[in-house]
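Note sheet for the following structure.
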Amino acid sequence: MMKLKLKLKIGAIVLLALGTLISCDDDEDVVVVRYVYASDDAEEILATSIAYNSYGFVASLQQTSEEIQEGICEETITNSDSFSGANYYGNINYEYSYDETYTNYCSPESYVAYNLDALQQFETYNSEFEHTIGLEYTVTGIEAASDDEFYEGIYARNGSWQALYDEDLRYTFELAINYEEVTVSKSSHKIYEGIATFTLEQVYEDAGVVYTYQGTLEFLNEDEAKVTYDNGDSFIINLNNVSLSS
């Protein structure tokens, strides 16, 4: 089960320690953000932004796969909807609303052009956050003879995180996932292989600190994805329950 990292929020306000970046004014309290806690936050943002049970990146592709198989050549479909849900353990509740447009092209080659804009709000036992989402991709392999679909495009998410117990504990972030070809099964509508690259930027405004993370996202099977940072550090996301493992 993914820890919601209460220690991160406590650690973010401890006094100056080795390896800590700080920002302060004469009339304000010192705000401290240690990298070790910020990196925990980064893992949490990546997991909730990707997994099925927090309606992340893979859930968006699953929804697309289910819809486009009913498409008619040259027809443009526009949908708007909203819904709410919770992850498996109930420690993340969310509301999600979206507008999508897609067109199924059949000549001279078969592909689907898909665009989506969405707003997602989360609430946990000790925090709340709101994300805006932009998604644009091309889907090939839609011919009846193909067992799989292949997705290429970009998934962008940005938003804010706020502690419910301390108004001074907050940050904003921007996440971009670029993928050249991830493979989705037409039978399960789930990703089961493929590699994407990502960039995540965290901005702790009160502390004047910015952290940037870059790396790869490898889909090992329908249930797991491996995140590897450029420095070699890695962890695995369980796509079904948003839990993390080494």
In segment 199-246, which strands (runs of 3 or more DSSP E) lie fully inside it and hold 3 or more residues that are of a type in the set (Val, Ile, Thr)? 209-219
Over segment 188-237, the set of residues farther than 19 Å from Ala176 by Cα, surrounded by 14 or more Cβ atoms within 10 Å (Cβ to Cβ) and modelled with pLDDT under 95 is Asp206, Ala207, Val209
Just to verify a result, which residue in segment 39-80, among those that are under 12 Å from Arg157 (Cβ atoms) and part of a loop (DSSP other than H, G, I, E, B), is most open to solvent (accessible area, probe 1.4 Å)? Tyr55
Asp166 is checked against (1) charged (D, E, K, R); (2) over 26 Å from Asn79 (Cα atoms); (3) open to solvent by 50 Å² or more (accessible area, probe 1.4 Å) and fails just one. What number does that condition carry? (3)
Top-ranked residue of segment 140-155 - restricted to ones that are closer than 20 Å to Gly56 by Cβ and open to solvent by less than 40 Å² (accessible area, probe 1.4 Å), ranked as farthest from the chain's Cα centre (by Cα): Glu149
Where Tyr102 falls short, out of the listed (1) touching a helix residue (DSSP H, G or I) at 6+ places or on another chain (Cβ under 9 Å); (2) open to solvent by 30 Å² or more (accessible area, probe 1.4 Å): (2)
Complete set of residues in segment 85-97 that are at pLDDT 90 or above and open to solvent by 20 Å² or more (accessible area, probe 1.4 Å): Glu95, Ser97
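The values are calculated or read from the model by the stated rules, or taken from the named source; none is laboratory data. Quantities reported herein were computed from a predicted structural model and do not represent experimental measurements. Counting neighbours? That spans all protein chains shown, and the Cβs are built from the backbone with ideal geometry, glycine included. Keep in mind that these areas ignore ligands, DNA and RNA; they rest on the heavy atoms of the full protein, side chains included. Shrake-Rupley method; radii C 1.70, N 1.55, O 1.52, S 1.80 Å.
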